[in-house]
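These notes are about the structure you will find just below.
The values are calculated or read from the model by the stated rules, or taken from the named source; none is laboratory data. Predicted model only: the values in this text are computed from it and were never measured. Cβ coordinates were reconstructed from backbone atoms using ideal geometry, including for glycine residues, and neighbour counts include every protein chain displayed.
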Amino acid sequence: MNNNNSEVNGMVFALALVGVFLLFAAIFVGVILALYSLFLTGVCFWAWNEPRTIFKETIKPSEARCFVYSGIAGAFTSPFAVAIVAQMADVRIDDDYIFLILLGGYTIGSLLSAWIMHLAEEHEKANASEMIDVTPSIPASHSKPSNDNGDDGQGSFEFATWDDEEKR
């Protein structure tokens, strides 16, 4: 009897266990992200008309509306994206999964929007601090400007006329 068959079976079993673990890990992360997105949606509805502060973060109404609208856009586009991928992979998607597809689209759209807003805010802060650090400072000078003619600049000043000639 050949011993290679049992080694191959052991390797296949190990890879199957890794695959099942990764599948459950992906499901767990997806559920956590969906719950987080739904929690933030509630916070955004709370901050819909006036800025609200929660966990030392202030949410402006424009950010709250952007979060919810992006989630709605993700929910509307996700069935089309899933249908295209399913058609290309020749897989049938059961109609019972439409709620999960919509929830996943809402989660991806809203959290992607929040992430992009966070990156833009960090970029603005970096540019603002860079602008503050880079601005040249002019040292305060207590000396008075000197003139080429040796005058200290304290004398009276007269405008020249068109017929003035240089004095000799």
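When we screen 53, 58, 41 for residues that are surrounded by 10 or more Cβ atoms within 10 Å (Cβ to Cβ) and either farther than 19 Å from residue 114 by Cβ or at pLDDT below 90 (or both), the only hit is 58. Taken over the stretch 36-58, residues that are among the aliphatic types (A, V, I, L, M) and either out of contact with any Leu (no Cβ under 9 Å at 6 or more places or on another chain) or in a loop (DSSP other than H, G, I, E, B) (or both) amount to 3. Of 129, 78, all but one fail to be within 30 Å of residue 63 (Cβ to Cβ) and at pLDDT 90 or above; the exception is 78.
Residue-level check: of (1) part of a helix (DSSP H, G or I); (2) over 22 Å from the mean Cα position of the chain (by Cα), residue 30 misses just (2).
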